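Step one of this worksheet: look at the structure below.
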Amino acid sequence: MKNLKYLVVVSALLASGCSTVAPHYQASFENTQKLKNNDSSQVTVSQFQAADDKVNHLTIRGGNFASPTNGSYVEYLKKALEQELYDANRLADDSDVKVGGTLLENEIDASGFSVGVAHVKAEFTVKDKEKTRYQKVHSADIQWPSNFVGAIAIPRAVQEYPRVFSELLGKLYADPDFMNALK
(Lines give C-alpha, C1' and ligand atoms only; values in the text may rest on other atoms or scores of the structure.)
Protein backbone atom coordinates (compact mmCIF):
# COMPACT_ATOMS: atom_id res chain seq x y z
CA MET A 1 0.00 0.00 0.00
CA LYS A 2 2.86 2.38 0.88
CA ASN A 3 4.49 1.77 -2.51
CA LEU A 4 1.17 2.43 -4.23
CA LYS A 5 0.95 5.88 -2.58
CA TYR A 6 4.45 6.77 -3.78
CA LEU A 7 3.62 5.55 -7.26
CA VAL A 8 0.48 7.72 -7.36
CA VAL A 9 2.39 10.81 -6.16
CA VAL A 10 5.25 10.31 -8.63
CA SER A 11 2.79 9.65 -11.47
CA ALA A 12 0.85 12.82 -10.66
CA LEU A 13 4.03 14.89 -10.63
CA LEU A 14 5.19 13.47 -13.95
CA ALA A 15 1.79 13.90 -15.57
CA SER A 16 1.45 17.52 -14.47
CA GLY A 17 4.72 18.56 -16.11
CA CYS A 18 6.34 21.89 -15.51
CA SER A 19 4.81 25.14 -16.57
CA THR A 20 6.75 28.31 -17.30
CA VAL A 21 5.53 31.78 -18.23
CA ALA A 22 7.38 33.79 -20.85
CA PRO A 23 8.85 37.11 -19.71
CA HIS A 24 6.94 40.26 -20.63
CA TYR A 25 8.24 41.91 -23.79
CA GLN A 26 10.69 44.76 -23.25
CA ALA A 27 10.79 47.27 -26.09
CA SER A 28 13.98 47.27 -28.12
CA PHE A 29 15.92 50.54 -28.13
CA GLU A 30 16.93 49.99 -31.77
CA ASN A 31 13.35 49.32 -32.84
CA THR A 32 12.04 52.35 -30.97
CA GLN A 33 14.69 54.53 -32.62
CA LYS A 34 13.67 53.30 -36.08
CA LEU A 35 10.11 54.38 -35.33
CA LYS A 36 11.20 57.72 -33.86
CA ASN A 37 13.42 58.49 -36.84
CA ASN A 38 10.55 57.97 -39.27
CA ASP A 39 8.29 60.97 -39.76
CA SER A 40 5.22 58.77 -39.52
CA SER A 41 1.96 59.83 -38.05
CA GLN A 42 0.33 58.41 -34.94
CA VAL A 43 -1.17 54.96 -35.42
CA THR A 44 -3.58 52.66 -33.62
CA VAL A 45 -2.89 48.98 -33.09
CA SER A 46 -5.99 47.08 -34.17
CA GLN A 47 -6.93 43.41 -34.29
CA PHE A 48 -4.38 40.63 -34.29
CA GLN A 49 -5.45 37.04 -34.78
CA ALA A 50 -4.02 33.54 -34.91
CA ALA A 51 -3.80 31.64 -38.18
CA ASP A 52 -3.99 28.48 -36.09
CA ASP A 53 -4.53 28.03 -32.36
CA LYS A 54 -1.24 26.13 -32.06
CA VAL A 55 0.67 29.46 -32.22
CA ASN A 56 -0.58 30.10 -28.67
CA HIS A 57 0.56 26.73 -27.29
CA LEU A 58 4.30 26.31 -26.84
CA THR A 59 6.32 23.82 -24.86
CA ILE A 60 9.93 23.73 -23.72
CA ARG A 61 11.21 20.20 -23.17
CA GLY A 62 7.70 18.93 -22.51
CA GLY A 63 6.66 21.69 -20.12
CA ASN A 64 4.04 24.29 -20.96
CA PHE A 65 5.48 27.68 -21.98
CA ALA A 66 2.62 30.16 -21.54
CA SER A 67 2.34 33.74 -22.70
CA PRO A 68 2.13 36.33 -19.89
CA THR A 69 -0.58 38.18 -21.87
CA ASN A 70 -3.73 36.18 -21.13
CA GLY A 71 -2.03 33.00 -22.35
CA SER A 72 -2.01 34.36 -25.90
CA TYR A 73 1.08 34.87 -28.05
CA VAL A 74 -1.14 36.75 -30.50
CA GLU A 75 -1.76 39.24 -27.68
CA TYR A 76 1.98 39.12 -26.86
CA LEU A 77 2.81 40.28 -30.40
CA LYS A 78 0.15 43.00 -30.26
CA LYS A 79 1.42 44.27 -26.89
CA ALA A 80 5.03 44.25 -28.16
CA LEU A 81 4.06 46.40 -31.13
CA GLU A 82 2.01 48.72 -28.90
CA GLN A 83 4.91 49.11 -26.47
CA GLU A 84 7.39 50.09 -29.16
CA LEU A 85 4.95 52.51 -30.81
CA TYR A 86 4.20 54.02 -27.40
CA ASP A 87 7.90 54.41 -26.56
CA ALA A 88 8.43 56.13 -29.93
CA ASN A 89 5.45 58.47 -29.31
CA ARG A 90 3.63 57.00 -32.32
CA LEU A 91 0.70 55.28 -30.56
CA ALA A 92 -2.76 56.85 -30.56
CA ASP A 93 -6.17 55.43 -29.71
CA ASP A 94 -8.03 57.46 -32.31
CA SER A 95 -5.89 57.37 -35.45
CA ASP A 96 -7.35 56.45 -38.84
CA VAL A 97 -4.11 54.55 -39.58
CA LYS A 98 -4.38 51.10 -38.00
CA VAL A 99 -1.84 48.29 -37.79
CA GLY A 100 -3.10 44.74 -37.36
CA GLY A 101 -2.09 41.27 -38.37
CA THR A 102 -2.07 37.53 -38.10
CA LEU A 103 0.40 35.40 -36.17
CA LEU A 104 1.14 32.59 -38.62
CA GLU A 105 3.88 30.58 -36.90
CA ASN A 106 5.40 30.55 -33.43
CA GLU A 107 7.91 27.92 -32.36
CA ILE A 108 10.58 27.36 -29.76
CA ASP A 109 12.93 24.39 -29.49
CA ALA A 110 15.31 23.95 -26.59
CA SER A 111 15.77 20.22 -27.07
CA GLY A 112 19.14 20.55 -28.78
CA PHE A 113 22.24 19.66 -26.83
CA SER A 114 24.11 22.81 -27.82
CA VAL A 115 21.73 25.18 -29.67
CA GLY A 116 18.22 26.43 -28.94
CA VAL A 117 16.08 28.04 -31.64
CA ALA A 118 12.91 30.11 -31.96
CA HIS A 119 10.93 31.10 -35.04
CA VAL A 120 8.03 33.47 -35.52
CA LYS A 121 6.16 34.52 -38.66
CA ALA A 122 3.37 37.08 -38.97
CA GLU A 123 1.45 38.98 -41.58
CA PHE A 124 1.12 42.70 -40.88
CA THR A 125 -1.53 44.97 -42.35
CA VAL A 126 -1.79 48.76 -42.31
CA LYS A 127 -5.16 50.28 -43.12
CA ASP A 128 -6.32 53.86 -43.45
CA LYS A 129 -10.02 53.64 -42.63
CA GLU A 130 -10.84 50.59 -44.78
CA LYS A 131 -8.21 51.00 -47.49
CA THR A 132 -5.27 48.58 -47.18
CA ARG A 133 -2.00 50.50 -47.46
CA TYR A 134 0.35 47.64 -46.59
CA GLN A 135 0.13 43.86 -46.26
CA LYS A 136 3.20 41.67 -46.02
CA VAL A 137 4.55 38.62 -44.19
CA HIS A 138 7.69 38.91 -42.07
CA SER A 139 9.53 36.21 -40.15
CA ALA A 140 12.40 35.99 -37.70
CA ASP A 141 14.63 33.19 -36.48
CA ILE A 142 17.01 33.30 -33.56
CA GLN A 143 19.32 30.84 -31.87
CA TRP A 144 21.25 30.75 -28.63
CA PRO A 145 23.70 28.45 -26.85
CA SER A 146 21.81 25.66 -25.10
CA ASN A 147 22.75 22.72 -22.93
CA PHE A 148 21.91 19.06 -22.46
CA VAL A 149 21.01 19.80 -18.84
CA GLY A 150 17.40 21.00 -18.61
CA ALA A 151 18.12 23.15 -15.55
CA ILE A 152 20.41 25.24 -17.78
CA ALA A 153 18.62 24.93 -21.13
CA ILE A 154 15.10 25.82 -20.01
CA PRO A 155 15.85 29.11 -18.20
CA ARG A 156 18.10 30.15 -21.09
CA ALA A 157 15.31 29.45 -23.61
CA VAL A 158 12.84 31.42 -21.50
CA GLN A 159 15.27 34.34 -21.32
CA GLU A 160 16.05 34.34 -25.06
CA TYR A 161 12.53 33.81 -26.42
CA PRO A 162 11.34 37.50 -26.43
CA ARG A 163 14.25 38.35 -28.72
CA VAL A 164 12.52 36.60 -31.63
CA PHE A 165 9.68 39.15 -31.40
CA SER A 166 12.20 41.99 -31.26
CA GLU A 167 13.83 40.62 -34.42
CA LEU A 168 10.44 40.28 -36.12
CA LEU A 169 9.44 43.86 -35.33
CA GLY A 170 12.91 45.09 -36.32
CA LYS A 171 12.44 43.53 -39.77
CA LEU A 172 9.00 45.11 -40.03
CA TYR A 173 10.38 48.59 -39.22
CA ALA A 174 13.25 48.09 -41.67
CA ASP A 175 10.73 47.64 -44.49
CA PRO A 176 10.39 51.07 -46.22
CA ASP A 177 6.95 50.09 -47.52
CA PHE A 178 5.72 49.61 -43.94
CA MET A 179 7.23 52.87 -42.74
CA ASN A 180 5.70 54.75 -45.70
CA ALA A 181 2.30 53.20 -44.99
CA LEU A 182 2.39 54.79 -41.53
CA LYS A 183 2.62 58.30 -43.00
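The values are calculated or read from the model by the stated rules, or taken from the named source; none is laboratory data. What you are looking at is a predicted structure, and each value in this text was computed from that prediction instead of being measured. Reconstructed Cβ throughout: ideal geometry from the backbone, glycine too, with neighbour counts over all protein chains shown. Just the protein is used for accessible areas: all its heavy atoms, side chains included, with ligands, DNA and RNA removed. Shrake-Rupley method; radii C 1.70, N 1.55, O 1.52, S 1.80 Å.
Brief remarks on what is shown
- Filter pass, residue 74 being assigned to a strand (DSSP E or B) and open to solvent by less than 20 Å² (accessible area, probe 1.4 Å): no
- Residue satisfying condition, being within 19 Å of residue 183 (Cβ to Cβ) and in contact with a helix residue (DSSP H, G or I) (Cβ under 8 Å, 6 or more places away or on another chain), within set 104, 91: 91
- In this entry, residue 79 is excluded by the filter for residues that are open to solvent by 60 Å² or more (accessible area, probe 1.4 Å), among the basic types (Lys, Arg) and modelled with pLDDT under 95.
- Subset of the range 94-114 that is open to solvent by less than 60 Å² (accessible area, probe 1.4 Å) and out of contact with any Leu (no Cβ under 8 Å at 6 or more places or on another chain) - its residue that is nearest to residue 52 (Cα to Cα): 104
- Residues being surrounded by fewer than 17 Cβ atoms within 10 Å (Cβ to Cβ) and under 11 Å from the mean Cα position of the chain (by Cα) - total across the range 51-65: 0
- Candidate set: the range 136-173, residues that are within 14 Å of residue 124 (Cα to Cα) and open to solvent by 20 Å² or more (accessible area, probe 1.4 Å); chosen: the one farthest from the chain's Cα centre (by Cα): 136
- Which listed residue is at pLDDT 95 or above, out of contact with any His (no Cβ under 6 Å at 6 or more places or on another chain), polar (S, T, N, Q) and in a helix (DSSP H, G or I), from 166, 139: 166
- Taking the range 118-130 as the range and being open to solvent by 60 Å² or more (accessible area, probe 1.4 Å) and either under 17 Å from residue 73 (Cβ atoms) or modelled with pLDDT under 95 (or both) as the test, the residues that pass are 121, 129, 130.
- Hits in the range 22-49 - residues which are in contact with a Phe, Trp or Tyr (Cβ under 8 Å, 6 or more places away or on another chain) and either surrounded by fewer than 13 Cβ atoms within 10 Å (Cβ to Cβ) or not in a loop (DSSP other than H, G, I, E, B) (or both): 23, 31, 34, 35
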